[in-house]
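The values are calculated or read from the model by the stated rules, or taken from the named source; none is laboratory data. Owing to the predicted nature of the structure, the values given are computational and were not obtained by experimental measurement. Counting neighbours? That spans all protein chains shown, and the Cβs are built from the backbone with ideal geometry, glycine included. In case anyone asks, the SASA skips ligands and DNA or RNA and just uses the protein heavy atoms, side chains included. Shrake-Rupley method; radii C 1.70, N 1.55, O 1.52, S 1.80 Å.
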Amino acid sequence: MDVHTRIVDAAIQRLATAGYDGLSISSVSRISGLSRPTIYAHFGGLDQLASEALEKAAIQAISRVTERAREEATTAADYVVEVMIAARAEIRSSPALAPIAYPERGSILFDGDTVGPRALELSRSFLLPLVEFQPELEHELDEIAETCLRWLVSLVHFESARSRSEAKLRAYLHRHLISGLNVTA
């Protein structure tokens, strides 16, 4: 494994155990077994390292989420709902992914109060398999991705009686999210 990858993997490991607030160049140095100057030689600072680690963690999560959604879904609507459920579970269970949904902790997805282009690109990648179910949605995928991203952030942050269990959340999303998208059941 090359040095750059070793540093990023150590940062992801630290994010997973200590969250964003526990990430530091010193902690990554300890985990990777590399010196602080070596880390600084590859990354200008903690923000650059955190951004790359979060992006790699997000890409790994996308793979897990899309795999789970593909296993569960039989229609385009099912796929969108299953992506939302799996993504919420993934983000809630992994401190490494917390900055994705909690922009106040630093994020590759948000620039202050603005949804950034990287956020839409990642959200779109979760939903790309949707086109396999319903090819005519390809030209609407960016809007669907933005809508789903907004819903996902809300679902991660807020809990209600309608979203506590996966079964209730599934029914809720079918009733309210799917009805607003041009996705077939």
(message) Between 169, 173, 130, 155, which is aliphatic (A, V, I, L, M), buried (at least 17 other Cβ atoms within 10 Å of the Cβ), at pLDDT below 90 and under 24 Å from residue 92 (Cβ atoms)?
(response) 155
(request) Would you please name the residue that is farthest from residue 1 (Cα to Cα), looking only at residues in segment 15-50 that are surrounded by 20 or more Cβ atoms within 10 Å (Cβ to Cβ) and within 23 Å of the chain's Cα centre (by Cα)? (result) 20
(message) Testing residue 103 on (1) modelled with pLDDT of 85 or more; (2) open to solvent by 20 Å² or more (accessible area, probe 1.4 Å), one condition comes back false. Which one is that?
(response) (1)
(request) Any residue in segment 51-74 that's open to solvent by less than 90 Å² (accessible area, probe 1.4 Å): show its pairings with residues that are at pLDDT 90 or above and acidic (Asp, Glu) at Cβ separation under 6 Å, as long as the two are six or more apart or on different chains. (result) 69/82; 73/82
(message) Between a residue in segment 126-147 that is in contact (Cβ under 8 Å) with a residue 24 or more places away in the chain and any residue that is among the charged types (D, E, K, R), which pairs come within a Cβ distance under 8 Å, given they are 6 or more apart or on different chains?
(response) 129/70; 145/124
(request) For segment 141-152, name all the residues that are modelled with pLDDT of 90 or more and over 18 Å from residue 69 (Cβ atoms). (result) 142, 143
